[in-house]
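Below is one structure, written out as structure tokens; the observations come after it.
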Amino acid sequence: MNLQTDRSIAFFDLETTGINIATDRIVEISILKVSPNGEKTSYTQRVNPGMPIPSGASEIHGIYDLDVQSEPRFEEIADSVFKMIFDCDLAGFNSDRFDIPLLAEEFMRAGIDFDNEGLRTIDVQTIFHKMEPRNLSAAYKFYCDGNLENAHSAEADTNATFEILEAQLERYDIDADISSLAELTDRGHNNVDFAGRIARNDQNVEVFNFGKHKGRAVEEVFRLEPGYYNWMMKSDFPLFTKKVLKDIKERIEA
């Protein structure tokens, strides 16, 4: 194994009802856990999202309402999933912008506090786009010289993502160390929350990264306009973003 890691890394992929991090749900999750000695553990589970799966989403991943009606809800498997990835680094394809934020939302709905403190993430799509500016099937054909069978199946996509990263490490003169790979796939942001609504500026101060207060310190806005906090907490922002805001608010009031 070319990958150099000091702790286990969990490659994972989600198939979902859509692409809205705050409101859409998981319909299938697959995890490939790779230990420092190269040992692999796999987990794949379909999930009843508790809502109708839009036809457009079903046409992409091939999972329909009838396929998941007898499957467990995410809260029923949340503990098992969390235990499998606990103390792991995370990797996926477009995972920094979608899979990790959505998984964090599902954990929080299940009452599990998903903490990103010290978490190293590798987005294989970012390496692909930086080195060979395309989608997962194209990446698999380019790096692994094959056709990706069952694309948009969570298990096939997860295994393909691992194989692509292994091939990238062989092809490119890049450090195989997890910290170096995480730095390579970073998009230059310093997000505090997974959705990128709150970031840190050059002075390491938490600032809003959207809207009318973009660039302003969160603490300053909350002190001068306390109603803005209430508006955000009542609005359709991701639960993890609200957790970050609540922590900042409690820090101000301490």
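What the table below lists for this structure:
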read-out	value
Condition met for VAL244 (β-branched (Val, Ile, Thr), assigned to a helix (DSSP H, G or I) and more than 21 Å from ARG109 (Cα to Cα))	no
Filter result for SER55 (polar (S, T, N, Q) and modelled with pLDDT of 95 or more)	no
Where PHE98 falls short, out of the listed (1) assigned to a helix (DSSP H, G or I); (2) touching a helix residue (DSSP H, G or I) at 6+ places or on another chain (Cβ under 9 Å)	(2)
From ILE21, ILE31, ILE53, ILE26, residue being under 17 Å from CYS88 (Cα atoms) and of a type in the set (Val, Ile, Thr)	ILE31
Filter result for the condition that a residue is of a type outside the set (D, E, K, R), under 19 Å from the mean Cα position of the chain (by Cα) and over 18 Å from ALA160 (Cα atoms), over ILE9, ILE31, ILE19	ILE19
Which numbered condition ASN116 fails, given (1) among the polar types (S, T, N, Q); (2) part of a loop (DSSP other than H, G, I, E, B); (3) buried (at least 16 other Cβ atoms within 10 Å of the Cβ); (4) modelled with pLDDT of 90 or more	(4)
Any chance ARG187 is more than 20 Å from THR23 (Cβ to Cβ), modelled with pLDDT under 95 and in a helix (DSSP H, G or I)	no
Hey, GLY56 on the phi > 0 side of the Ramachandran plot and out of contact with any Phe, Trp or Tyr (no Cβ under 7 Å at 6 or more places or on another chain) or not	no
Residue under evaluation ASP202, criteria (1) among the acidic types (Asp, Glu); (2) more than 30 Å from TYR64 (Cβ to Cβ); (3) part of a helix (DSSP H, G or I), criterion not met	(3)
Residue under evaluation ALA156, criteria (1) among the aliphatic types (A, V, I, L, M); (2) outside any loop (DSSP other than H, G, I, E, B); (3) closer than 30 Å to LYS242 by Cβ, criterion not met	(3)
THR44 being within 15 Å of ILE100 (Cβ to Cβ), at pLDDT 95 or above and out of contact with any Leu (no Cβ under 6 Å at 6 or more places or on another chain)	no
Some residue of segment 33-43 being within 24 Å of LEU239 (Cβ to Cβ) and in a strand (DSSP E or B)	yes
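To keep it simple, each residue is scored yes or no on (1) among the charged types (D, E, K, R); (2) over 24 Å from the mean Cα position of the chain (by Cα).
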residue: GLY146; (1), (2): no, yes
residue: THR158; (1), (2): no, no
residue: GLN168; (1), (2): no, no
residue: ASP173; (1), (2): yes, yes
residue: ASP202; (1), (2): yes, yes
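The values are calculated or read from the model by the stated rules, or taken from the named source; none is laboratory data. For clarity, every value in this text was computed on a predicted model and none was experimentally measured. Glycine gets a Cβ as well: all are built from the backbone with ideal geometry, and neighbour counts include every protein chain shown.
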